[in-house]
Amino acid sequence: MTLLKRLPPALQQSAIYALALAGAKGISLLMVPIFTHYLSPADYGRLDVLQTLADILSIIIGLGLADTLFRFCNDERLSKAGETAAQLYGLAWVIAICSFILTQLAAPLITKALPGNITLTQTRLILTSLSLSGTILVPLAWLRFRGKAFLFLGGSLGRTTFQALLATLFLMAGFSVTGFVMAGFIACVSLSLFLGYIQLKDTGIRFSFTAIKTYGPYGGPLIFAGFAGFILGSFDRWILAETIGTAEMAQYALAAKFGLITAVLIQPYDMWWHAKRFSVLTQPNGPARCAHYSTIAMMVVCSASLIVCAISPLLITWLTPQTYHQSIAYVPYLVLFAALHNLTQTLGFGIYTEKTTRLPALIDGGSAVIALIAYFSLIPPFGITGAIGATFIALSLRFLITIFMAQKTYYLPYSIWKLSIFAGYSLLSGTFISFAPNMHWQTGLGLLTLSGVALLGFLFNLITFPEKRHDLAETA
């Protein structure tokens, strides 16, 4: 703990967020043998169907409330950040009540539409949990905005641990899928009440119809951006399953899971920076500081990408049977896609400074349409190679258009040569790693090239010594 306190506030909070993410992922990994022991393959499939339902509906019910809080809590034309948070928290409860009523009325129809013989009770439980999404997202976002990383850690990790313990007890008692969904429901209600107490104590709650008019144009379009992200991130596997079969598609799906590790490694820095960037923008020399921290984000993305490229062959070889080892060849491409997605969000910051998010929603929606056309055109004749090519086309166009429009909307003085050196170095290093003769060479080259990223960070003044950290302390 003493060592943690000696770090700059930005690194302190990033480390705590990393602990929260690592803890949640670790608990999920520990639950795998429990699931497979107490759930039959058919039940596990039903659980996956319910999780897919949760992923889709959470995009709608969440309504981009967390991003909206980060945007408007730093707007000087509004009175106070606390008042804004109170209004958004009130809006979250209005959405929760309305979504609860609507989803419970629609539960019988939703149950019939779901595959896998899902029961009405299971549907009602997960829909109730989803209705509370906003009442959890807004307080967690407020904790991030205020820099209360330890409270964030307690809330998010506490929920995961509590849910895992309840799920284990319910599964042991023979409640199967219903027991797991019930555990999620109880954990969700408990976290909503815990965070609600903190939020009410900190900011209170305000119910304002004008809040919908003020915040709706910003949060609403993010729903469509979320759907576009689903198409760009997962829809290709649905087409692959129909075209080449689930067995071969599993190679690509496994590579995608390892590609997502890139996003997990990047997320601790993002969780700090995305909560602070609007505030930094309004400070003296704000645009230059935002460009500086975005360049640090680029360094983080490069480091995470090289780490995953280096360790994935080793992990896949150790953790999976020989039949899955073909997926190693696809990992670098999925890592690239994760990096492109993150850099689009980070370097395209200017596009989110407006009062509405219609423009990013349009760009994401257009990219999703391009992806769909490319998927249906390239996957049937080329299989996985076609899916990789189609996704690369869509994500690259999305990245370039977003950066161009973001700089037109709000110019940030990025150092193009620094960003280009990082990007070129990472692509070249990733290529060397992927063509290494064996997994041991890949790991060794990965560690070697990672040290090169650190060296570039020092040369570009992105990694500083303690006496030069005053800027970080002021920002946090």
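The values are calculated or read from the model by the stated rules, or taken from the named source; none is laboratory data. Fair warning: this is a prediction, and the values are worked out from it, not measured in the lab. Counting neighbours? That spans all protein chains shown, and the Cβs are built from the backbone with ideal geometry, glycine included. Accessible surface is based on the protein model in full, side chains and every heavy atom, while ligands, DNA and RNA are left aside. Shrake-Rupley method; radii C 1.70, N 1.55, O 1.52, S 1.80 Å.
Summary table below
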| item | result |
| --- | --- |
| Packing rank of 194-207, 382-395, where each peptide gets the mean count of other beta carbons within 10 Å, highest leading | 382-395, 194-207 |
| Distance histogram for the range 324-364 (every C-alpha pair counted, 5 angstrom bins, percent rounded to whole numbers) | 5, 19, 20, 16, 12, 9, 8, 6, 4, 1 |
| Accessible area, probe 1.4 Å, largest first, for residues Leu319, Leu450, Leu39, Leu455 | Leu319, Leu455, Leu450, Leu39 |
| Most to least packed among 417-427, 367-377 [average Cβ atoms within 10 Å] | 367-377, 417-427 |
| Largest-first principal axis extents of the Cα set of the range 304-384 (Å) | 51, 33, 14 |
| Residue order for Leu340, Leu109 - accessible surface, 1.4 angstrom probe, largest first | Leu109, Leu340 |
| Cα Rg, Dmax (largest Cα-Cα span) when computed across the range 97-218, Å | 16.7, 49 |
| Histogram of C-alpha separations across the range 261-414, 10 Å bin width, % | 10, 32, 33, 18, 6, 1 |
| Share of carbon and sulfur in the accessible heavy-atom surface of the range 383-423 [1.4 Å probe, %] | 77 |
| Per-peptide average of other Cβ atoms within 10 Å, ordering 287-296, 329-338 highest first | 329-338, 287-296 |
| Simple spin-label estimate for Glu354 and Leu447 in nanometres, 7 Å along Cα-Cβ | 4.9 |
| Kirkwood-Stokes translational diffusion coefficient of the range 248-322, alpha-carbon pairs, 4 °C, 1.567 mPa s, µm²/s | 90 |
| Across Lys80/Lys213; Lys276/Lys355; Lys148/Lys213; Lys148/Lys257; Lys355/Lys408; Lys257/Lys418, pairs whose alpha-carbon gap is larger than 26 Å | Lys148/Lys213; Lys148/Lys257; Lys257/Lys418 |
| Fraction of alpha-carbon pairs over 25 Å apart in the range 361-470 - percent | 50 |
